[in-house]
Amino acid sequence: MSNTKIISELIIQFEAYEQEVKLPTLAGFAAWIHKQTNRSEIEQRIQIGNADAVAVQKVNELDNAIGILLGMMNKYARLYSKIAMDGLPLNTVEEFGYLAQLSSHEQLTKTALIAKSMDGKTTGMDIIRRLVMQGLAREIDNPEDKRSKLLRITAKGKKTIGMSYARMSAVSKAVVGNLTINEKQHLFAALNKLAQHHQQHEAAIGENLRKL
C-alpha cells in the first residue's frame, strides 16, 4: 500500500473514531486503532455471524472466567479494605464510600446519597444509620420537605475520611498488584467501558435476567 493510500485510510479510520468518542485525542486514536487491528479471529467471525459452536463456547468460557476473576478481585479488595480500616469507626468499604460521597457535598438527602452509591433503599438506610450511630454523619431538618431529613458529615466524619483516604489508596495499590503501567492503562480502559455499559443498561440487563 502506498503512503498516500495509508494516509487516506488513516483519515477514514479517524473519522470512524470520532463518531465513537466525545473528545477525540491522538493517544485515544492510537489505542482505538490498536484495538481495531488486533481483534481476534473469533470476535470477527461472531460479528459477521459466521461463528461455529466451538467458537461460541470459547467466548462463553471466557465470559465465565472473567466473571469469576472479577468476583475474586472484589473479595481481595474487601479483605484488604477491612484490614486497612482496622481501628477506624468504619466497618465496611460501603461505609467508606457513603462517607466519601457525603464529604464532597454540604448536605444530601438520604435518597440522593443512596442513589449516588448505587444501592438499594434497605441496604442504603442500614449504612446511613450506622454512620449516624458512629457520629460520622448527622441528620438535620430539610427546609424544603418536612417529611425528610438531610445528612451532613460531622467533624468526626471529616477526620475519619481524611485518615481513610491514605489507607484506601494503599488498598488500591495492593489490588492492582504487579501490573505494569501499560497494563493498568489497558485495564482501566476496559473496566471504564464496562462500567459505562452497565450504567446505561442496568435496568434492561436486570429485566432480562429476571426472565431466566
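Of the helices (runs of 4 or more DSSP H) lying entirely inside the stretch 87-141, those carrying at least 1 residues that are on the phi < 0 side of the Ramachandran plot, of a type in the set (S, T, Y) and under 18 Å from the mean Cα position of the chain (by Cα) are 93-103. Within the stretch 120-157, the residues that satisfy the criterion of being in contact with a Leu (Cβ under 9 Å, 6 or more places away or on another chain), surrounded by 12 or more Cβ atoms within 10 Å (Cβ to Cβ) and among the charged types (D, E, K, R) are R130, R138, E139, R152, K156.
Let's see how each residue does on (1) at pLDDT below 75; (2) more than 19 Å from N192 (Cβ to Cβ); (3) surrounded by 11 or more Cβ atoms within 10 Å (Cβ to Cβ); (4) basic (K, R):
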site	(1), (2), (3), (4)
E15	no, yes, no, no
F29	no, no, yes, no
Q47	yes, yes, no, no
V54	yes, yes, no, no
E61	no, yes, no, no
L70	no, no, yes, no
Y80	no, yes, yes, no
E94	no, yes, yes, no
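Here K75 clears all of (1) modelled with pLDDT of 90 or more; (2) in the same structural domain as K159 (by TED's automatic domain parsing); (3) not aliphatic (A, V, I, L, M) except the condition numbered (2). In the stretch 166-173, is there at least one residue being closer than 18 Å to E94 by Cβ, out of contact with any Asp or Glu (no Cβ under 9 Å at 6 or more places or on another chain), among the hydrophobic types (A, V, I, L, M, F, W, C) and in a helix (DSSP H, G or I)? Yes, that holds for at least one residue.
The values are calculated or read from the model by the stated rules, or taken from the named source; none is laboratory data. Note that the structure is a prediction, hence the values are computed from the model and not measured. Ideal geometry is used to build each Cβ from the backbone, glycine not excepted, and the neighbour counts take in all protein chains shown.
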